Amino acid sequence: MSRPWHSFRRSGWRSALYAAIVSCSFLWLESSVAMGRRHSIPDLIEQAELVVVGTVTESLVFRRLPSGSVYTAVTLQLGETLKGPWQTPIEILVPGGRLEEEDLAVWVSHQPRFFLGERVLAALRKSPFGDDRFLVLGGAEGKVRLHEATHPKAGDSALSFFQRVAPPEQREGSPSARLKRSQNPFDFLSIAVHEQGHFAGPLGDLYNNAEEGGGAYIECIGSNNQEKTMYGVIGPGSTRPRDLEQADRLGMRALYGGLFLPLPTGSVNENLFAYFCASGSPELTCSSAACEPRVHWASIPVAYKIRTSDFSAEQVQLLQRGLGVWNRINGSSFSGDYRGDTEIDVASVDDNVNVFRVSDADNSDDNAVFTGGALAVTSFAWFISSGEIADSDITFNHRTDFQPALPVPPTPTPDPDTGDGGGCGTITPPATPLTRSLGLLLLLTLVTFALARIRGSVQPHEAPEEHYSDKSHFFL
Ligand SMILES: [Zn+2]
């Protein structure tokens, strides 16, 4: 692993929550993309609690307590509300961000990007933190950049406006949407190998055009990327990313071997890859551009653990086989070393343990990352000054139908003392008498809640649990 995690915690990250950094010049929020399902626009609108048109006016990076997870809060001044009640400004949470004070950047795959001054259409859902903030639905799909002259027409519904301004591919439905709907689950090993490319390099996602990649497409990568393991699109049943292509190997040789950058563009486009520039903004960089320092593992082999209770025995084997694909590359010194089981059940940038795990329906950070579409995400943190990776975790979405399948979680058994469900990591705190200040806090909360209802604030609705298999069309 790189240098000890505590070495960049000395600045006191708890204080960073209060003295959070305002990114004044350029809002670089990173960035797609894990592999995932492409939403249909009607689905997106149906699931949204708020669909708005607004302008990005501010961003603030902070750690959310108690998990310490890094988020960027994006302030949107609203122009129009197409679904849900009017309220302005609103704040949108995006997982990841850059904490300059801590010399730390956090990248989480499949997240939308916002830029200061940008005018956007966004499909939003209440954040799971009870903080009046919102999340973008479907990762990058739920946000569309608008040209200045693009306004809703009189009588436009949220659906009709979204369909009119969305990227053409999304608007028309994906190519595979025209195919017979598949009942196929997703190939677990393929998803693992792709995510492990984000883990190992880290390498970035590749797309063939801007419509495919939304805000994550980089021009110099061009097209014909569909055979590469780091191509960010996958369909159910596809086993394409199980193996590496030339471009994936070149990426690892550039990061952990003697390959010289920049690679040329043009006729050798099929060899291009994307990597992360530690201090770039945005970080994702083409191999046709040279940037130092690159985000990289400073200490090889890289130790990783698997939360084995989340997976079947076969999947535990496949995870090791998947990372082994990245170990055996000529001209790259990278290797990963499996260090066994872990009880850790969070994707944390603070624990110095690299863990492969499955999301948990009760974990708010997981719910903030999986707002629809992503089958798995990789999140990693690096020191901005050196590019050395501090921590990287892969989280598989428990809503995805994989082949082989995830084990079915045990049904909680009622606790005879409390009648509550037990197990599943739920900790019930001992009952304590309310202090006077707690009582006041409760009263204030109730008053605020009542006022919010009077003003017609958005109330979160319980969306039905979605499962990613047969409804899926096209994958990002
Ligand atoms: Zn990806």
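Computed from the coordinates by the stated procedures, all read-outs in this text should not be read as laboratory data. Predicted model, so just to flag it, every value in this text is computed and none were measured. Here Cβ is always computed from backbone atoms with ideal geometry, including for glycine, and neighbour counts include all displayed protein chains.
Amide H contacts for Gly79 (H built 1.01 Å from N in the peptide plane; partners 5 or more residues away or on another chain; cut-off under 5 Å): Val53, Gly54, Thr55. The loop-placed GluC sites (Glu not before Pro) in segment 115-159, going by DSSP, that have at most 13 neighbouring Cβ atoms within 10 Å of their Cβ come out as Glu148. For Asp132 and Ala313, a Förster radius of 35 Å and the Cβ-Cβ distance give a FRET efficiency of 0.20, rounded to the nearest 0.05. Taking label positions 7 Å along the Cα-Cβ direction at both Gln403 and Phe260, the computed distance is 4.6 nm, reported to one decimal.
Averaging 1/r across all pairs of distinct Cα atoms in segment 186-403 and inverting the result yields a Kirkwood radius of 17.4 Å. In this simple spin-label approximation, Glu100 and Thr150 carry label points 7 Å from Cα along the Cα→Cβ vector, and these lie 3.0 nm apart.
Using square roots of five times the C-alpha gyration tensor eigenvalues, list the equivalent-ellipsoid semi-axes of segment 54-130 in whole Å, biggest first. Square roots of five times the eigenvalues give 23, 14, 11 Å. Inter-label distance, Arg164 to Ala298: 5.3 nm, where each label sits 7 Å from its Cα along the C-beta direction. Counting neighbouring beta carbons within 10 Å and listing from fewest to most, the residues Tyr275, Tyr71, Tyr256 come out as Tyr256, Tyr275, Tyr71.
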